[in-house]
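Notes to accompany the following structure.
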Amino acid sequence: MSTRLTLHATPAAGFDEPFEMLLGCHERVERMLGLLERLAAHLDTHGCDDAARQAAQDVMRYFDLAGPAHHEDEERHVLPLLAAGPDAALQALAQRLRQDHRAMTEQWRAVRADLAGVADGRWPAAPDAARAARWRGYAALYRDHVRAEEAHAFPAARARLDADAQAAMGREMAARRGAAKA
């Protein structure tokens, strides 16, 4: 099992393209969810070896750092636009996406605790149905969330922002990360 994963395998969008940046993050989320799923299968067949420990560390690093920053981007720049608009369906979507963020944060705590055990080499030899269900549930929630954002939330929010507002969004995202706007 290959556990080395390049998080930026494709050209990354810069802060001057904030919606493309958000979409790029979704691509990386999918790669990390795939790694989590491969790790689950690997643990069941090979146990907690060096490859498993490295994969667990990679997944934790991504969802500990990039995940919260991405959610904050959406909470600051996407969801308020949907909630403030006249479309009741988009207002409801904004509320649902906020709830998803809370649920993902809560579920991540449990998945992360499992992964920390793998990273530390502490893993029971027998498959664990509860752990498998936690990991599958986390991945399913995240994927459903991403689909809703890409199909509805991002296009609606982008349509409400002119070029200057999108540039300001990118500058704020860069500043919050301590990065110079590219």
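Electrostatic bookkeeping for residue 30 treats Lys and Arg as +1 and Asp and Glu as -1; over the other residues with beta carbon under 13 Å from its beta carbon, the sum is 0.
Note on the chain: Cα convex hull, mean projected area over all directions, 10.7 nm². For the chain, hydrophobic long helices are taken as DSSP H runs at least 18 Å long by C-alpha position along their axis with mean Kyte-Doolittle hydropathy of -0.5 or more; these are 18-46, 88-119, 163-176. Neighbours of residue 41 by Cβ distance under 14 Å: Lys/Arg scored +1, Asp/Glu scored -1, total -1. All other residues whose Cβ lies under 15 angstrom from that of residue 68 are scored, Lys and Arg at +1 and Asp and Glu at -1, for a net of +2.
Every number in this text was worked out from the coordinates using simple rules, so none of it is lab data. Treat the numbers as computed from the prediction; the structure is a model and nothing was measured. Every residue, glycine among them, receives a Cβ derived from its backbone with ideal geometry; neighbour counts consider all protein chains shown.
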